[in-house]
Amino acid sequence: MSDEKDKRAPLTRLAQAGRRAEWVGVPGQPGGIVSPPVWRASTILYDDVAHLRSATTNTHEQLFYGRKGTPTAWSLADALTEMEPGAEGTMLFPSGVAAIGCALMAVLRPGDQLLMVDAAYDPTRNFCEQVLKPFGVETLYYDPCVGAGIAEFITENTRAIFLESPGSLTFEVQDVPAIVAAAQARGVVTLIDNTWATPLFLPALSLGVDISILACTKYIVGHSDVMMGSVTANAALFPKIRQMAYLFGQMTSPDDAWLAARGLRTLGVRLAQHQASALMIASWLDAQPDVARVLHPALPDCPGHDLWARDFEGSSGLFSFVLKGGDEKARAALIDGLAHFGIGYSWGGFESLALPVDPARYRSATRWEAEGPVVRLSIGLEDPADLIADLEAGLARFRAVRG
Ligand SMILES: *Cc1c(COP(=O)(O)O)cnc(C)c1O
């Protein structure tokens with residue numbers, strides 16, 4: 001990438017990224033089209049045997065075999081790379097979980113130890129316990145607030161440190177630069193699940209992280225209709241990621257890549273609105289007598305708030321709140337009657353969601369203690385005043401059951 005290109009602001013890059021002339025140009029005609037179209041292919045034909053032989057020498061970003069992708073997916077991958085200053089390349093996966101698993105397989109070998117943040121997304125933990133462990137990789141879970149103290153956990157066998165910041169249920173913000181410094185001092189690889197912030201709000205590779213993973217399913221796609229994951233890595237590790245993705249035969253359909261690329265173009269404006277609405281609603285919740293705590297990195301009482309203010313460019317639309325007292329039934333009364341919030345897991349779309357979450361179940365290194373049950377909200381693009389009125393009625397239902 002040229003220096004001139006590097007100076008572009010992130011929103012400008014979002015509009016321009018991945019639109020290489022060879023992917024949007026029409027052969028024999030000047031100009032071109034704006035968005036790379038859907039190229040569907042399994043078989044690639046060759047003119048003759050010599051052409052077939054020469055094509056096998058460089059099979060990246062060249063039509064070679066459908067599984068290696070077509071310009072639709074390459075364009076999206078290229079755009080995601082451009083969004084992460086310091087990145088060498090990006091591989092796409094059929095889900096966020098597939099991306100996490102493949103990135104871990106690319107850097108770990110039997111006998112290695114992995115340090116995993118205790119607030120990690122539950123399926124990430126499952127991958128460690130049910131795939132890595134039988135293959136001889138030990139996982140040690142660490143407190144998300146460990147900061148520079150991570151150095152004490154690093155042993156001879158530690159090969160990688162996995163971060164998720166903030167945690168997607170409880171929203172502790174990690175000290176990314178301190179953990180990266182400790183890792184680099186011992187030659188340990190760092191990976192981050194950057195789904196909450198996206199590279200727009202946390203340019204992770206600029207902070208020294210080696211590998212940035214996104215569940216594109218969430219904010220990149222943004223419309224709750226495609227499953228996809230991505231792994232973006234620096235020059236040292238990208239070849240390993242690409243190799244592992246090829247070995248596992250991982251890819252995305254061109255139709256899904258095209259939808260994700262369409263979502264990516266509006267990521268900036270969507271995140272700006274998610275941020276503004278979520279902040280308004282989180283602040284309102286924080287002032288309600290039935291709410292014990294709001295777990296939102298941009299609010300001062302969230303663990304790691306100062307780190308968020310130092311390292312992040314913004315906050316997205318996903319946060320939780322802790323109710324004051326009450327039980328499962330009282331929480332269900334709040335959630336069940338909501339008119340504008342769907343009840344569902346996969347977040348990051350234009351529609352708002354509410355979810356009962358029980359963080360204590362997914363921890364081993366730390367304990368989750370709270371004043372009452374927890375509700376996680378994904379704030380969509382509706383008018384925030386409607387959402388607040390809906391939550392106000394929900395809190396009245398909660399009170400009625402709690403007593
Ligand atoms: C949803 C999610 C994933 C997994 O993504 P899928 O595309 O659903 O497999 C990973 N990490 C976080 C933080 C998530 O919220």
Measuring from the longest principal axis of the C-alpha atoms of the chain, the long axis of helix 254-265 (C-alpha) lies at a number of degrees, nearest 10, equal to 60
With DSSP loop assignment and no more than 11 other C-beta atoms within 10 Å, the trypsin sites (Lys or Arg not before Pro) in the range 205-295 are none
Between 0 and 90 degrees, rounded to the nearest ten: what's the tilt of helix 384-402 against the longest Cα principal axis of the chain? 50
Computed for the range 10-263: size of charge dipole around the Cα centre, +1 on C-beta of each Lys and Arg, -1 on C-beta of each Asp and Glu, debye to nearest 20, value 640
Fraction of beta bridges assigned by DSSP in the chain that are antiparallel (%, nearest 5): 55
log10 I(q)/I(0) for the chain, Debye formula on C-alpha points only (no solvent), q = 0.06, 0.12 Å⁻¹, two decimals, reads -0.25, -0.96
Out of Ala282, Thr57, Ala119 - ranked by how far each Cα lies towards the positive end of the dipole of the chain, with unit charges on the beta-carbon of charged residues - the top one is Thr57
Relative contact order of the chain, pairs being alpha-carbon contacts under 8 Å that are 6 or more residues apart, as %: 16
Compute a Gaussian network model of the chain, connecting alpha carbons closer than 10 Å, and tell me which residue from Ser54, Ser42, Ser283 fluctuates the most. Ser54
Measure nothing fancy, just the Cα-based angle from helix 238-247's long axis to the longest principal axis of the chain, in degrees from 0 to 90, nearest 10. 80
Which of Ala276, Ala73, Ala41 ends up with the largest GNM mean-square fluctuation for the chain, with Cα atoms connected below 10 Å? Ala41
With both partners inside the range 112-271, how many of the DSSP beta bridges are antiparallel, as a percent to the nearest 5? 25
Would you mind calculating the relative contact order of the range 40-189 from Cα pairs under 8 angstrom and at least 6 residues apart, reporting the percent as a whole number? 18
What whole number of Å gives the distance from the Cα centroid of the range 283-347 to the Cα centroid of the range 208-256? 29
For Ala360 paired with Asp48, estimate the spin-label separation in nm (one decimal), with each label point 7 Å from Cα along the Cα-to-Cβ line. 7.4
Highest GNM mean-square fluctuation among Phe135, Phe238, Phe171, for the chain with Cα springs under 10 Å, belongs to Phe135
Using a 10 Å Cβ count of at most 14 others and DSSP loop calls, identify the longest part of the chain lacking such GluC sites (Glu not before Pro). 157-312
Would you work out the relative contact order for the range 267-402, in percent, from Cα pairs under 8 angstrom that are 6 or more residues apart? 30
Candidates per trypsin sites (Lys or Arg not before Pro) in the range 327-403, loop by DSSP, up to 11 other Cβ within 10 Å: Arg367
Under 20 Å from the Cα of Lys68 - lysines, other chains or at least 8 residues apart: Lys240
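Every number here is computed from the coordinates shown, using simple stated rules; none is lab data. Everything quoted here is computed from the prediction, not taken from an experiment. Cβ: placed from backbone, ideal geometry, glycine included. Neighbour counts: every protein chain shown.
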